[in-house]
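Read through the structure below, which is laid out as structure tokens, and then see the notes.
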């Protein structure tokens, strides 16, 4: 069976683009013990991919010549796993390719129940995005009712879930996002109490301060950089900062400079903690249950943006860092569509 | 009753010195309800004083014209507290003065039992230094046997206690300190597995890496700055960094620049948390009990350096930032001595 797949041509020192990948065609792989072969219906286009393909130390580096790492969901073609049969839907680390191996020992491997919604949700609100939001906010952020929670990339797949979960926890929620359309999404769809468009904002510090009259208790950070520096000047005592992504910094070699932060951390007795969602793999069922329940109660909505065709993967990844997409960015390999927007409310 | 006291003349923008204080003489204050008047035997010369008298936001700012804030221990002269009588020894926030008010509502107020050692220990190993070491390391650092703990200002009052407690916890301990005499103290007296003299070290990063062959799990940081930046490149997954002081940075206005740290925090899923010991006031008795027990078992030793005479307080404070002292720096107001070194092993 023929299989098209993207392999990593060269490591990136800055933003990823089509020049880092090459599409090859060969035979689809054979599943080993406890593995299944999946026809990918959707694969992910993730902000974290910049780190995965960079030369710098990363928790999930991709080697040159290897198939590009990606989450995928699709239909099982053949199975060597006792609980999975052909025709089942599963998600796992299936990569940027038509047919990928999903391994039951992978942290994101699971059987997907279409009754919970379109199977694409297994890569978004019921997958890495929703779980990252859930464990980062609940475990590290530890929001309490009445506190102020600030979220960067607030309209994104992770950020929009963070904002809504913080709202469910009884917090005041302030979203920072790029562009008026996303700011409107934040307040109109995702229920933020306030949204700030950092792209048109001439005084981000002043506007953020006004939006957080009681200071900042939790900052769920997907960008780092200058926005993080501003937030660090407004922390309440005991503040928690979730470091989930560093999208504002294009390259880490050489390390970019910024104002030193240890004094602000000390004075506020703040906790700044990094999050990689794989570390929570054993608790994913708890997170999924909470997300399913909130969605069923109408307390959480989400948004997906699907780009058609495997060949568009590198281009789609490059576009991600332009900040143009709104919602969970996925690549559709089966359905016929041209840039489809799906907004889902239960 | 005449009382000499130092008041803050001007806020400091950099390192504190004699120019920031003025000695005045007036009448000793009268204790209010639940207060006692204390004849200070010892008062503290603290690294944190730089922050207390700076113009920048601080958890314990001193206003100009006010008596300089300091911890003190001494004999009660008069009491309006039901459990305290004249002749008792107490410690509290009595200030740079001959006679100070100790208030039972202050977090550091307690009756001092001379059976546990010289009363000066209430300002050191059995006071702010020992408790800061204990709660910072145990609560935030959470050291586990076999892990590697790095400590800056490793021979200081806090650092030396951190190193010894980490050793008691079964960790490999690496101390960073300034000068060969302090490095010798670290290994010979305080039991560090390795000590690094950053002042003579031409390759701090390389030497630290060699001293930590299994990476760094806990960094108890009293300095921040370039040393922190180096440590951040050597973190193990799940590392904990205790931000206890920022002595390496002379001035925070304007904020100094350094390499951005959020990427290292993310990749290592590190926790970087600030510590102000006052937040642990309710649990001080637990910390003191642990410290008393370790000292009684001969597992902890400490070192005090006492400078004679109230008038020397500002000069002593300035000398602290030169890094010349070895051990807990106190001012002796009663005893007659010229720069006395006291090293205590139980």
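Being touching a strand residue (DSSP E or B) at 6+ places or on another chain (Cβ under 7 Å) and under 22 Å from residue B:268 (Cα atoms) is true for just one of A:48, A:12. Which residue is that?
It is A:12.
Every residue in the range A:33-64 that is touching a helix residue (DSSP H, G or I) at 6+ places or on another chain (Cβ under 7 Å) and more than 20 Å from residue A:156 (Cα to Cα), please.
Across the range A:33-64, the qualifying residues are A:41, A:53, A:57, A:58, A:59, A:60, A:61, A:62.
With the checklist (1) at pLDDT below 95; (2) surrounded by fewer than 24 Cβ atoms within 10 Å (Cβ to Cβ); (3) in contact with a helix residue (DSSP H, G or I) (Cβ under 6 Å, 6 or more places away or on another chain) in hand, flag the one item residue B:181 doesn't pass.
(3)
What about residue B:173, is it crowded, with 24+ Cβ neighbours inside 10 Å and either under 14 Å from residue B:223 (Cβ atoms) or in contact (Cβ under 8 Å) with a residue 40 or more places away in the chain (or both)?
For residue B:173, the condition - crowded, with 24+ Cβ neighbours inside 10 Å and either under 14 Å from residue B:223 (Cβ atoms) or in contact (Cβ under 8 Å) with a residue 40 or more places away in the chain (or both) - is not met.
For residues in the range A:265-293 being part of a helix (DSSP H, G or I), in contact with a helix residue (DSSP H, G or I) (Cβ under 9 Å, 6 or more places away or on another chain) and more than 16 Å from residue A:136 (Cβ to Cβ), which is farthest from the other protein chains (Cβ to nearest Cβ)?
Looking at the filtered set, the residue picked out is A:292.
Residues being out of contact with any strand residue (DSSP E or B) (no Cβ under 8 Å at 6 or more places or on another chain) and closer than 26 Å to residue A:268 by Cα: count how many of those fall in the range B:62-107.
Matching residues across the range B:62-107 total 3.
Under 6 Å between Cβ atoms, at least 6 apart or on separate chains: pull out the pairs that start in the range A:207-226 with a residue that is at positive phi and end on any residue that is assigned to a strand (DSSP E or B) and surrounded by 15 or more Cβ atoms within 10 Å (Cβ to Cβ).
A:215/A:236
Please state which of the following conditions residue B:195 fails to meet, knowing it meets all the rest: (1) crowded, with 16+ Cβ neighbours inside 10 Å; (2) free of Cβ contacts under 8 Å to residues at least 40 places away in the same chain; (3) more than 11 Å from chain A (Cβ to nearest Cβ).
Against the list (1) crowded, with 16+ Cβ neighbours inside 10 Å; (2) free of Cβ contacts under 8 Å to residues at least 40 places away in the same chain; (3) more than 11 Å from chain A (Cβ to nearest Cβ), residue B:195 comes up short only on (2).
When residues of the range A:124-175 are filtered for being under 15 Å from the mean Cα position of the chain (by Cα) and closer than 17 Å to residue A:213 by Cα, how many remain?
Final tally of qualifying residues: 1.
Would you please name the residue that is nearest to residue B:12 (Cα to Cα), looking only at residues in the range B:248-260 that are at the interface with chain A (Cβ under 7 Å from one of its Cβ atoms) and part of a loop (DSSP other than H, G, I, E, B)?
Once the filter is applied, the top-ranked residue is B:252.
Residues of the range A:198-218 being closer than 13 Å to residue A:172 by Cβ and buried (at least 18 other Cβ atoms within 10 Å of the Cβ), which ones?
Matches in the range A:198-218: A:208, A:211, A:212, A:216, A:217, A:218.
Could we say that residue A:189 is in contact (Cβ under 8 Å) with a residue 24 or more places away in the chain and buried (at least 24 other Cβ atoms within 10 Å of the Cβ) here?
no
Filter the range B:234-247 down to residues that are facing another protein chain (nearest Cβ under 9 Å) and surrounded by fewer than 24 Cβ atoms within 10 Å (Cβ to Cβ) and give me whichever is farthest from residue B:59 (Cα to Cα).
The qualifying residue farthest from residue B:59 (Cα to Cα) is B:237.
Can you tell me how many residues within the range A:113-139 are buried (at least 24 other Cβ atoms within 10 Å of the Cβ) and in a loop (DSSP other than H, G, I, E, B)?
The total comes to 4.
Output the residues belonging to the range B:13-30 that are in a loop (DSSP other than H, G, I, E, B) and crowded, with 21+ Cβ neighbours inside 10 Å.
Once the filter is applied, which keeps residues that are in a loop (DSSP other than H, G, I, E, B) and crowded, with 21+ Cβ neighbours inside 10 Å, the range B:13-30 yields only B:16.
Among the residues that make up the range B:80-97, is at least one of them surrounded by fewer than 20 Cβ atoms within 10 Å (Cβ to Cβ) and within 14 Å of chain A (Cβ to nearest Cβ)?
no
The values are calculated or read from the model by the stated rules, or taken from the named source; none is laboratory data. Everything numeric here is computed off the predicted structure, so don't read it as measured data. Using ideal geometry, Cβ is built from the backbone for each residue, glycine included, and neighbour counts are taken over all protein chains shown.
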